[in-house]
Amino acid sequence: MKGARYLVVEGPVGVGKTNLARKLATRLEGRVVLEETGENPFLKLFYRNKKKYAFQAQVSFLLARYIQQTRFIHPDLFSSYLISDFLFGRGTIFARVCLGPDELDLYGKLMEQLDPRVPSPDLVVYLQASTSILLDRINKFGRNFERDMDRGWIEDLVDSYNSWFLRDRQYPVLVVNTDFVDFFNDESAFEGLVKAIEEHSGGIVGYNPSRNKGLLF
């Protein structure tokens, strides 16, 4: 995308956004900013009891993302690419799945106060994967407390992601299905993705990976 400097790689748990953000930063000679999830004191508790700890976990993430983005992300000063593995609005995607009506309303009011103060990405690379693929990746590569995740919860999260990016989107989006591609080890597929990012024309664009030939437009 011509003139794009601030890129965000997003997608549900297990889709591979962090590894891809790191590799894109190396390839584009940019800077990577990764979400500091390990500092959330409610995260492990949330995965044990989502109903009880959802609000605390989401508010903690919201404030951490706000501090991280306002402190480290200044797009006007970019001389090269900045690639992140999280969108500030990610919390709303999770909140719609995890919170009750009153909690969601309060969370939304907090977002309204903070959202105008954070920079907007020039392009979001939205990674998709089927529920079975996500669960398999989580069980293989996820942290111990993320494994054996409830299938229904993952399906609800995927639906919330799709709603956010395919219907309620606020940014240019490149939608990429990752079921049959490994960008970390398949250089042809990865270079195809880089080309798609560089040639993105704005709005929302679908991009479908091929098993054997990298990526197809």
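The values are calculated or read from the model by the stated rules, or taken from the named source; none is laboratory data. Please read these numbers as outputs of a predicted model, since none were measured by experiment. Here the Cβ positions follow ideal geometry from the backbone for every residue, glycine too, while neighbour counts run over all protein chains shown.
A search for C-beta distances below 6 Å between a residue of the range 102-130 that is surrounded by 20 or more Cβ atoms within 10 Å (Cβ to Cβ) and any residue that is modelled with pLDDT of 95 or more and among the acidic types (D, E), counting only pairs 6+ apart in sequence or on different chains, returns V124/E10; Y126/E10.
Tell me whether the range 155-167 contains one or more residues that are in contact with a strand residue (DSSP E or B) (Cβ under 6 Å, 6 or more places away or on another chain), closer than 27 Å to G192 by Cβ and either surrounded by fewer than 17 Cβ atoms within 10 Å (Cβ to Cβ) or touching a residue at least 40 places away in the same chain (Cβ under 8 Å) (or both).
If we filter the range 155-167 for residues that are in contact with a strand residue (DSSP E or B) (Cβ under 6 Å, 6 or more places away or on another chain), which is where we start, we get 165.
Those still in the list that are closer than 27 Å to G192 by Cβ too: 165.
Within this subset, residues satisfying the condition of being either surrounded by fewer than 17 Cβ atoms within 10 Å (Cβ to Cβ) or touching a residue at least 40 places away in the same chain (Cβ under 8 Å) (or both) are 165.
Among the residues of the range 155-167, at least one is in contact with a strand residue (DSSP E or B) (Cβ under 6 Å, 6 or more places away or on another chain), closer than 27 Å to G192 by Cβ and either surrounded by fewer than 17 Cβ atoms within 10 Å (Cβ to Cβ) or touching a residue at least 40 places away in the same chain (Cβ under 8 Å) (or both), which makes the answer yes.
When Q113, Q69, Q56 are screened for being among the polar types (S, T, N, Q), farther than 18 Å from G14 by Cα, at pLDDT 95 or above and part of a helix (DSSP H, G or I), only Q56 passes. Answer yes if at least one residue in the range 128-151 is touching a Leu at 6+ places or on another chain (Cβ under 7 Å), closer than 23 Å to Y53 by Cα, modelled with pLDDT of 90 or more and in a helix (DSSP H, G or I), and no otherwise. There is at least one residue in the range 128-151 that is touching a Leu at 6+ places or on another chain (Cβ under 7 Å), closer than 23 Å to Y53 by Cα, modelled with pLDDT of 90 or more and in a helix (DSSP H, G or I). Among the residues of the range 1-49, the ones that are part of a loop (DSSP other than H, G, I, E, B) and aliphatic (A, V, I, L, M) come to 6 in all. May I ask you to verify whether F184 is buried (at least 17 other Cβ atoms within 10 Å of the Cβ) and not aliphatic (A, V, I, L, M)? No.
Give me a count of the residues in the range 160-217 that are at pLDDT 85 or above, polar (S, T, N, Q) and either outside any helix (DSSP H, G or I) or closer than 19 Å to L20 by Cα (or both).
Initially, the range 160-217 is screened for residues at pLDDT 85 or above, giving 160-165, 171-206.
Now restrict to residues that are polar (S, T, N, Q): 160, 162-163, 177-178, 185, 188, 201.
With either outside any helix (DSSP H, G or I) or closer than 19 Å to L20 by Cα (or both) added as a condition, the list becomes 177-178, 185, 188, 201.
Within the range 160-217, residues that are at pLDDT 85 or above, polar (S, T, N, Q) and either outside any helix (DSSP H, G or I) or closer than 19 Å to L20 by Cα (or both) number 5.
When D148, D182, D186, D156 are screened for being under 23 Å from T92 (Cβ atoms) and out of contact with any Lys or Arg (no Cβ under 6 Å at 6 or more places or on another chain), only D156 passes.
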